1. Restricting to segment 48-68, count the residues that are surrounded by fewer than 19 Cβ atoms within 10 Å (Cβ to Cβ) and of a type outside the set (D, E, K, R).
2. Within segment 55-113, which residues are of a type in the set (Asp, Glu) and closer than 25 Å to Val163 by Cβ?
3. Only one of these conditions is not met by Gly45: (1) at pLDDT 95 or above; (2) surrounded by 19 or more Cβ atoms within 10 Å (Cβ to Cβ). Which number is it?
4. Here is a check on your reading of the model: is Trp180 of a type in the set (Phe, Trp, Tyr), modelled with pLDDT of 95 or more and in a loop (DSSP other than H, G, I, E, B)?
5. Is it the case that segment 1-23 has a residue that's touching a Phe, Trp or Tyr at 6+ places or on another chain (Cβ under 6 Å), closer than 24 Å to Asn159 by Cα and modelled with pLDDT of 85 or more?
6. In segment 83-109, what residues are loosely packed, with under 14 Cβ neighbours inside 10 Å and hydrophobic (A, V, I, L, M, F, W, C)?
7. For segment 160-174, indicate whether the set of residues that are surrounded by 14 or more Cβ atoms within 10 Å (Cβ to Cβ) and in contact with a strand residue (DSSP E or B) (Cβ under 7 Å, 6 or more places away or on another chain) is non-empty.
8. Kindly provide the set of residues from segment 155-173 that are outside any loop (DSSP other than H, G, I, E, B), without any contact (Cβ under 8 Å) to a residue 60 or more places away in the chain and not polar (S, T, N, Q), ordered by number.
Amino acid sequence: MSQAESTSSQTARMLVDVGPVGVWIVVYNLARAFAGDQAIYIGTGAYMIAATIALVYAIRIEKRFPPMLIFTTVIVLGMGTIGILLQDPIFLYLKPTIINLFFSYLILISVALGQNVWKVFFGHVFNLPEAAWTMMAVRWAVWFQFLALINEVMWRHINDSIVPESARWFAEFSISESFWANAKLGVMALSLVFAMLQMPLLMKYQRAEGEADEAADKAK
């Protein structure tokens with residue numbers, strides 16, 4: 001594969017993985033102008049459609065089964081459908097918390113059972129010793145819990161929706177639903193920075209193919 005083809009493939013994959021979030025932000029903000037409080041349902045519907053299209057494209061066209069996109073799409077479709085049918089935005093506010101906690105506990109449980117799901121997801125990209133895979137998995141599990149906490153702090157303090165006062169954690173803190181919706185861009189940027197900060201660990205433990213074979217032979 002040429003450099004141009006490789007770059008094109010990587011760009012397409014990135015659009016498939018993050019495109020639904022971009023659709024959500026654009027549609028939500030456009031809908032705010034003419035649909036008011038219904039914007040969150042319109043944006044969620046567009047997000048559900050975009051996530052489904054992205055997943056079908058990844059499977060049918062790119063011939064890959066992206067586990068995180070699959071899990072995210074399932075949760076988005078489930079929570080989104082409930083929220084739209086009940087016309088209750090709380091289900092939609094909770095969605096990022098549930099997704100992030102799901103990933104976190106999936107990783108931690110898999111590590112505890114000796115079947116590191118992070119290695120299953122990315123073993124085709126990196127060649128690391130088991131100790132490094134465990135460190136990487138735990139780091140990401142903690143990161144997903146941090147993202148869940150951020151979402152909990154935000155949605156509980158939305159001041160222009162039906163969030164009850166009893167849900168608030170901090171009396172003096174409040175944000176708009178629009179801020180919460182657009183914060184997904186910030187969360188994506190934070191996650192990108194976090195991923196980049198893991199590169200020193202990956203580079204430190206990355207092994208050549210021959211080293212991996214030698215390690216496997218010694219383990220026998």
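The values are calculated or read from the model by the stated rules, or taken from the named source; none is laboratory data. Worth saying up front: this structure is predicted, and the values here are computed from it rather than measured. We place every Cβ from the backbone using ideal geometry, glycine too, and count neighbours over all the protein chains shown.
1. 11
2. Selection gives Asp88 alone.
3. (2)
4. no
5. No, segment 1-23 has no match at all.
6. Those that are loosely packed, with under 14 Cβ neighbours inside 10 Å and hydrophobic (A, V, I, L, M, F, W, C): Leu85, Leu86, Ile109.
7. no
8. Glu165, Ala167
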